[in-house]
1. If you go through segment 218-237 one residue at a time, how many are in contact with a Phe, Trp or Tyr (Cβ under 9 Å, 6 or more places away or on another chain) and surrounded by 14 or more Cβ atoms within 10 Å (Cβ to Cβ)?
2. In segment 322-352, what residues are out of contact with any helix residue (DSSP H, G or I) (no Cβ under 8 Å at 6 or more places or on another chain) and polar (S, T, N, Q)?
3. Tell me the residue from Arg393, Arg371, Arg386 that is modelled with pLDDT under 95 and either hydroxyl-bearing (Ser, Thr, Tyr) or surrounded by fewer than 16 Cβ atoms within 10 Å (Cβ to Cβ) (or both), please.
4. Tell me which residues, restricted to segment 39-68, are small (Gly, Ala, Ser) and surrounded by 11 or more Cβ atoms within 10 Å (Cβ to Cβ).
5. Which one of these is under 24 Å from Leu135 (Cβ atoms) and touching a residue at least 12 places away in the same chain (Cβ under 8 Å): Ala340, Ala308, Ala333, Ala280?
6. Are any residues in segment 69-88 farther than 25 Å from Arg119 by Cβ and surrounded by 12 or more Cβ atoms within 10 Å (Cβ to Cβ), and if so, which ones?
7. Does Glu62 meet the test of being among the acidic types (Asp, Glu) and at pLDDT 90 or above?
8. Has segment 191-212 got at least one residue that is outside any helix (DSSP H, G or I) and in contact (Cβ under 8 Å) with a residue 24 or more places away in the chain?
Amino acid sequence: MIVRSRLFMTSVVAAFSVVAGIADAQIATGDAQLQHETVRQYDGPRVSLRALLDEALDTNPELAALRQQIAVTRQRPNQEHGLDPPMAEATIWQWPVNTLNPANTNMYMFMLGQELPGRGKRDLRVAVAEKDVALAETDVTIRARQIVNEIEQAYASLFIARKAIDVHLSSVELLREIADVSQTKYATGRISQQDVLKPVVELSKLHNDIITFDEQANLATARLNVLLNRSPETPIGPLAEPAEETLVPATADLQRLAIEHQPELQRARVERERADAELAVAKREHKPDFIVQGGYLLMPNQTDAVLARVGITWPNAPWSRGKIDARIAEQTAAVDAAKARESAMANRVRLAVQEAYVRAKSAQARAALLRTTILPQSRQTLEVSRVAYQTDRVDFQSVLDNERMLLDAQLAYFRALSDFTQAVGDLERAVGTDLPVGTTMIVTSKEGQ
């Protein structure tokens, strides 16, 4: 019996040693994986959102193409203002059929004619062409605001992905401490084998989460680089972190600003004005056009003569008036449609401003709640449970749950900052211009780093 007892104790000690050794090896493997995957060396200087926006507005190829299109459309008003080319004519009269010699004819007529549109028609066509120039200019502004918004969204995504990696890494040291305590308690028989292996599983989960966040960071980097006209794999240096901010003005003030500056709404106005100009052109078609001709009549056997002719169109003829009336009706309907689109666009702009404003306010409130209440409480709860675990007053699962709660709270805080930045970006796009100075205010006290 004594021999068996000694053998049993020896087996138990050996089992403890094996399990502890396995746990040590797995924890070391998990740590090595985390270190290998998360040691980041961001090449280049610190990058700010403002610097990226300025670079994109200067180098984005889509904006360059749209600016070139403006230069194209600016040539159209001059084309509409000019006259059609004159017509030169030469006529041989009474050429006998029994001779090929043109000198045997009785007369030669040389004419030069010019068509003249009715008074005001060219100016109205120029007005239409000028509206096309204005539309091209608004297209540049619209796309510029879209690119600004896309960069702000990609920047926020990159920030939250990198910050999530940092937050997960901050949990590694805590899990190591818990693992060391667990091995000590297991060696003295105070906890089970599964409690020793739980930190290993948690480290593996952290490693898996970091891989996911790394993927998100790489995708956001690629989007940013393409918008900046760079190669997608170009590295981006450390990011200037957004500060916690509050939104100051009321939504009514922002909506008034949007009605004045929103480029898509301005485009709708220009489209309505262009439709009005097209209607004016159509109505002017009731006015006649003119043609003037002058020439010289050469008569070899008689005295030469000078020729002159004036012609005028009759647009109100019974058989042609219907065509003009139909065009006027068409353009009248186009004006009504443009007015309806302008009204609908104004409603969409107001809605976009309100939605972005609500999202910004919600993110602002969440960040403040997390900073002032949830994060301090989570840290305190974790610290209390960690101390209690060392004295066997709580189990390992309680410590792990509290660690996850703190991790989630930290991520939620930085997501709230990112959500606020994205909402402000959407608000700027809805307003159509940079928000006035003082629209947001930085919160001086900041937690969660």
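The values are calculated or read from the model by the stated rules, or taken from the named source; none is laboratory data. This structure is a prediction, so every number in the text was calculated from the model and none was measured. Every residue, glycine as well, gets a Cβ built from its backbone with ideal geometry; the counts of neighbours run over all protein chains shown. Side chains included, ligands, DNA and RNA excluded: accessible areas come from the protein's heavy atoms. Shrake-Rupley method; radii C 1.70, N 1.55, O 1.52, S 1.80 Å.
1. 3
2. Ser343, Asn347
3. Every option except Arg393 fails the conditions.
4. Ser48, Ala51, Ala56, Ala64, Ala65
5. Ala280
6. Once the filter is applied, which keeps residues that are farther than 25 Å from Arg119 by Cβ and surrounded by 12 or more Cβ atoms within 10 Å (Cβ to Cβ), segment 69-88 yields Gln69, Ile70, Thr73, Arg74.
7. The answer is no for Glu62.
8. yes
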